[in-house]
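Student: Have a look at the structure that comes next, please.
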Amino acid sequence: MFDFTAIDFETAVGYIPCSIGIAIVRNNEVVNVENHLIKPICYPYFQWYAQKIHGIHKEDVENAPTFDILWEKIKHYFDNTMLVAHNASFDMNVLRRTLAHYKIPRPQARYMCSYILAKKTWKNNQKFSLDFLAEQENIELNHHHSDSDAYACAKLLLREAEVLNCKDFTQLRHISQLKSYRF
């Protein structure tokens, strides 16, 4: 059985988050999806290109909580679990840097990347982007909306496990030769 937390960040600039999407999977089912706006460390500055991609502007986060305040509400999703992200190196970097900025201890967690797993699952594909794979696997996606991206990531990992005929993370790591990493 797969139990994990899929996450996705949208950023105001670089690795500074302005939104986090969380999809909770229990017993192979997505049971909860959340989206949280974040007042970024760099407020009111937003990189124009980032705004163009995700559509979040400074006015949208003016009254949003800063990450340290939000963390108190969401940290239970991160402790003692497997975290999954599509292009996990980016999302885990956002999380690490943001936690460090606020001097918040890192959660006890491991993480896995659905992007790298996709390369092992569909070796003949030319593309492995979340939007391409979501379309290929008929997974609903409103791309660059953090809750939708987290949901699609969760569904994608479940689909990857199905294609590889894996019933849990131990089998998935063994068959795919993919490591999970300590956060």
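The values are calculated or read from the model by the stated rules, or taken from the named source; none is laboratory data. Small disclaimer: the values here were computed from a predicted structure and weren't measured. In this analysis, Cβ positions are derived from the backbone assuming ideal geometry, glycine residues included, and neighbour counts consider all displayed protein chains. What goes into the accessible areas is simple: the full protein's heavy atoms, side chains included, and nothing from ligands, DNA or RNA. Shrake-Rupley method; radii C 1.70, N 1.55, O 1.52, S 1.80 Å.
Student: Scan the range 1-26 for residues that are of a type outside the set (A, V, I, L, M) and assigned to a strand (DSSP E or B) and jot them down.
Tutor: Across the range 1-26, the qualifying residues are Phe4, Thr5, Asp8, Phe9, Glu10, Thr11, Pro17, Cys18, Ser19, Gly21, Arg26.
Student: Quick check on Met82: is it in contact (Cβ under 8 Å) with a residue 60 or more places away in the chain, in contact with a Lys or Arg (Cβ under 7 Å, 6 or more places away or on another chain) and among the aliphatic types (A, V, I, L, M)?
Tutor: So Met82 fits the description; yes.
Student: Next question, about the same structure. With the requirement that a residue be without any contact (Cβ under 8 Å) to a residue 40 or more places away in the chain and closer than 20 Å to Ala109 by Cα, what does the range 149-172 give you?
Tutor: If the condition is that a residue be without any contact (Cβ under 8 Å) to a residue 40 or more places away in the chain and closer than 20 Å to Ala109 by Cα, then Thr170, Gln171 are the ones that fit.
A quick yes/no check of all residues on (1) charged (D, E, K, R); (2) within 19 Å of the chain's Cα centre (by Cα); (3) farther than 21 Å from Met1 by Cβ:
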site: Ala118; (1), (2), (3): no, yes, yes
site: Phe132; (1), (2), (3): no, yes, yes
site: Ile139; (1), (2), (3): no, yes, no
site: Asp149; (1), (2), (3): yes, yes, yes
site: His174; (1), (2), (3): no, no, no
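Student: Would you point out which residue out of His36, His86 is within 18 Å of Asn142 (Cα to Cα) and open to solvent by 30 Å² or more (accessible area, probe 1.4 Å)?
Tutor: His36
Student: Every residue in the range 39-68 that is basic (Lys, Arg) and either under 30 Å from Asp168 (Cα atoms) or surrounded by 17 or more Cβ atoms within 10 Å (Cβ to Cβ) (or both), please.
Tutor: Lys39
Student: Does at least one position in the range 120-139 carry a residue that is within 16 Å of Val33 (Cα to Cα) and of a type outside the set (Gly, Ala, Ser)?
Tutor: Yes; the residues of the range 120-139 include at least one that is within 16 Å of Val33 (Cα to Cα) and of a type outside the set (Gly, Ala, Ser).
Student: Of everything in the range 2-33 that's of a type in the set (Asp, Glu) and surrounded by 22 or more Cβ atoms within 10 Å (Cβ to Cβ), which residue is farthest from the chain's Cα centre (by Cα)?
Tutor: Ranking the candidates gives Glu10 first.
Student: Take Ala88 and decide whether it is within 16 Å of Asp149 (Cα to Cα) and either in contact with a helix residue (DSSP H, G or I) (Cβ under 7 Å, 6 or more places away or on another chain) or aliphatic (A, V, I, L, M) (or both).
Tutor: yes
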